[in-house]
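The structure under discussion appears below in the form of structure tokens.
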Amino acid sequence: MANDIALSVDGLRKQFLLSHSGAASLKTALLWWRRRKLEHFVALDGVNLQVGRGECVALVGRNGAGKSTLLSLISRIYRPTSGSIAVNGRIAPLLELGAGFHPDLTGVENVVFNGIILGLTRKQVQARMADIVRFAELEHHIDSPVRTYSSGMLARLGFAVAVHVDADILIVDEVLAVGDFAFEQKCYARIEDFRRSGGTILFVSHNMESVRQIADRCVWLRGGKVEMEGAPESVITAYQGDRSEVDL
């Protein structure tokens, strides 16, 4: 991959096998196993995308267009059915913030666990612990089990971990508004600092003002394919003007 390309997706296709048993219980499901209906669902169909170093690219499209599937494939949560993904640098996925936290572990223990998963050593996580806790504004709760946290507290801690791992590429799925207005602005400021330092961002959002605020380029996905890409305002105008895209 060329040094000025952070992320390249070529002919990416993802197909899921869905089972429709119509069973209301496990017992019924076992009895009617042979009568189950299988459906092949194509979430992505031949997507090509390149993201340059230091570029911020937004993905827009209605629910089910394939946006989150694309981010999950790039983050190696799923494997593609066909096609290729090439990544130049360390990725920090901000998909479902706090989803990987164990409820019975404390905030500190979960920070260590998630930091190691994202590529840091235990020593590096410990060195950044104070900054992570301070950014998340959880000084008085960090030693409590995260099952006692609100959803907003979990999201703040997840965001704080992700932005302190020295990633080259941030993969963000609708998680920029992770607290009150003041904390949301702090998140935007942190992302802007990341961009100024040469970091690359690929993010999904249904908030068109967020897209206008931080994206250099916008990609519109429809039915698992790229419908349009280009300057954010041009793509947003086309997207919002399409009557078939009803859940803006």
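Just a few scattered comments:
- Residue match in region 62-76 (condition: surrounded by 22 or more Cβ atoms within 10 Å (Cβ to Cβ) and assigned to a loop (DSSP other than H, G, I, E, B)): yes
- Condition check for R196 on (1) closer than 23 Å to V9 by Cβ; (2) at pLDDT below 90; (3) surrounded by fewer than 20 Cβ atoms within 10 Å (Cβ to Cβ): one failure, at (1).
Quick grid of which residues meet (1) touching a helix residue (DSSP H, G or I) at 6+ places or on another chain (Cβ under 8 Å); (2) among the polar types (S, T, N, Q); (3) modelled with pLDDT of 90 or more:
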{"residue": "N3", "(1), (2), (3)": "no, yes, no"}
{"residue": "V9", "(1), (2), (3)": "yes, no, yes"}
{"residue": "T28", "(1), (2), (3)": "no, yes, no"}
{"residue": "V47", "(1), (2), (3)": "yes, no, yes"}
{"residue": "G52", "(1), (2), (3)": "no, no, yes"}
{"residue": "C56", "(1), (2), (3)": "yes, no, yes"}
{"residue": "L59", "(1), (2), (3)": "yes, no, yes"}
{"residue": "K67", "(1), (2), (3)": "no, no, yes"}
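- Of note, R36 does not satisfy the criterion of being among the basic types (K, R) and either at pLDDT 90 or above or under 24 Å from the mean Cα position of the chain (by Cα) (or both).
- Of the set (1) free of Cβ contacts under 8 Å to residues at least 40 places away in the same chain; (2) under 19 Å from the mean Cα position of the chain (by Cα), all apply to D180 but (2).
- Given (1) within 18 Å of the chain's Cα centre (by Cα); (2) not in a helix (DSSP H, G or I), index of the condition E229 fails: (1)
- In region 144-163, residue surrounded by the most Cβ atoms within 10 Å (Cβ to Cβ) [restricted to those that are modelled with pLDDT of 85 or more and more than 16 Å from the chain's Cα centre (by Cα)]: V146
- Condition check for A177: surrounded by fewer than 17 Cβ atoms within 10 Å (Cβ to Cβ) and either of a type in the set (G, A, S) or modelled with pLDDT of 95 or more (or both): yes
- Within the option set I117, I91, I74, being out of contact with any Phe, Trp or Tyr (no Cβ under 9 Å at 6 or more places or on another chain), under 24 Å from L17 (Cβ atoms) and among the β-branched types (V, I, T) holds for one residue only, I74.
- Residue within region 206-218 that is outside the structural domain of I117 (by TED's automatic domain parsing), surrounded by 20 or more Cβ atoms within 10 Å (Cβ to Cβ), polar (S, T, N, Q) and under 17 Å from the mean Cα position of the chain (by Cα) present: no
- Against the criterion of being out of contact with any Gly (no Cβ under 7 Å at 6 or more places or on another chain) and polar (S, T, N, Q), T237 qualifies.
- Subset tally (residues that are closer than 30 Å to R53 by Cα and modelled with pLDDT under 90) for region 11-25: 0
The values are calculated or read from the model by the stated rules, or taken from the named source; none is laboratory data. Nothing here was measured: the structure is a model prediction, and the numbers come from that model. As a convention, Cβ positions derive from the backbone with ideal geometry for all residues, glycine included, and neighbour counts pool all protein chains shown.
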